Every structure is written in C-alpha cells, then in structure tokens.
Amino acid sequence: MSAGADKKDSPLWLDRAVFLAHSVALEQEAADRMHELAETMAVHNNPALHELLSSLAAHSDSHALDMKALCRNETLPRFKAWEYSWPDDESPEIFHYSSVHYLMSAEDALQSALEVEQSAETFYRDIADNATNPAIKQLAEQFATEEQEHARSIANRLSALKAGFQNDLSKDPDQTDFDPPHTPE
C-alpha cells in the first residue's frame, strides 16, 4: 500500500472481487517463489533442503488451488504486478530474495517460511480489522486463521528440527562452501 493511502478507501477493504484477486495472487506467488527456491537448492546440490522446500511448495500449491476453487464463480479483475495494493513492495507471503541463500539450513528455511506465513496472517488480519464490507471481513478473518494454522504447523516443524539438533550433536550444521560461486569484481 502506498505511503499516505487511506486504508478505509482501499479497494481491498471495499470490493470483494479485488480482495479475492489479491488473495489468489498472494497464494500463487507464494507457491511459485517456494518452487523457485526449492529448485535453486537442487541446483546447488542440497537435496535435503530441496525436499523440505518442495514439500512446503506442494502445500502452497494446494492452498493456491483451494483459493482458485473458491473464486471459480467470481469474475476477478486482472492486475499487472505493480497494480496490486500490497503493504510493501511485494506480496506478503513470499520469501524475499535478500533473506535466502544457497547455503541456508533447514532451520533458516523454516524460519523464513514461518515469517512469511505470519506476514500473510497480518495482511489478512489488517483487512479484517478495517473492512466495512461484511463479506470481505468474514473472508479476511477466515484467511487469517488459515495462515495462523500454517504458521503454527511450520513452527512445530521448526521446533522439532531444533530439538533434533540438540539431541544429535553429530549433526554438524557446517555450511562451509568449498567451491563458492565466482563473480567478476
């Protein structure tokens, strides 16, 4: 959302079709970015992280399909990437490239996934809190609760992972790259 914009006048809070178009885009972009990151890990020979991220991407795909099914009888507006009213520059439920790297650990990936789920929950809660349209308010509350459940699931996986590392000291999270990428200076 651009600086100085009045939330109460935002089409996200007023128009169901605009709200749903944003929700579909949010879920699809989350799935696309997760797949992209998973494939990056495969390219960098990190099969364990590729598998973890692929499972998270499959969950995102499922949620995106659910969102599209919810909207199948709706006529949604089509927006260009820069026409969306996100709170920041990009959709709230995507990994930002600055927070991921090819040497990241499973813990790093789960922590980033947790943060984007929490960001999506905040996005929907903000809409629910500000919507004057009861249909949008209800959907936003429902979507916020779903994102909260996703965050809880990821937090549980993160806790289990951390507990596993504490119980198995032989798992050294050494991330030394003995063949780093070469970039011209």
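The values are calculated or read from the model by the stated rules, or taken from the named source; none is laboratory data. Quantities reported herein were computed from a predicted structural model and do not represent experimental measurements. Virtual Cβ from ideal backbone geometry, glycine too; neighbours counted across all protein chains shown.
Any chance segment 114-127 includes a residue that's aromatic (Phe, Trp, Tyr) and surrounded by fewer than 21 Cβ atoms within 10 Å (Cβ to Cβ)?
No - not one qualifying residue is present in segment 114-127.
Just give me the residues in segment 36-48 being part of a helix (DSSP H, G or I) and of a type outside the set (S, T, N, Q), in sequence order.
Hits for segment 36-48 are Glu36, Leu37, Ala38, Glu39, Met41, Ala42, Val43, Pro47, Ala48.
Conditions tested, residue by residue: (1) assigned to a loop (DSSP other than H, G, I, E, B); (2) in contact with a Phe, Trp or Tyr (Cβ under 6 Å, 6 or more places away or on another chain); (3) farther than 21 Å from His150 by Cβ; (4) free of Cβ contacts under 8 Å to residues at least 60 places away in the same chain.
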{"residue": "His50", "(1), (2), (3), (4)": "no, no, no, yes"}
{"residue": "Ala58", "(1), (2), (3), (4)": "no, no, no, yes"}
{"residue": "His63", "(1), (2), (3), (4)": "no, no, no, no"}
{"residue": "Ala69", "(1), (2), (3), (4)": "no, no, no, yes"}
{"residue": "Arg78", "(1), (2), (3), (4)": "yes, no, yes, yes"}
{"residue": "Asp88", "(1), (2), (3), (4)": "yes, no, no, yes"}
{"residue": "Glu93", "(1), (2), (3), (4)": "yes, no, no, no"}
{"residue": "His101", "(1), (2), (3), (4)": "yes, no, yes, yes"}
{"residue": "Ala109", "(1), (2), (3), (4)": "no, no, no, no"}
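Quick check on segment 145-185: of everything there that is of a type in the set (A, V, I, L, M, F, W, C) and within 30 Å of Ala30 (Cα to Cα), which residue is modelled with the lowest pLDDT?
Result: Phe165.
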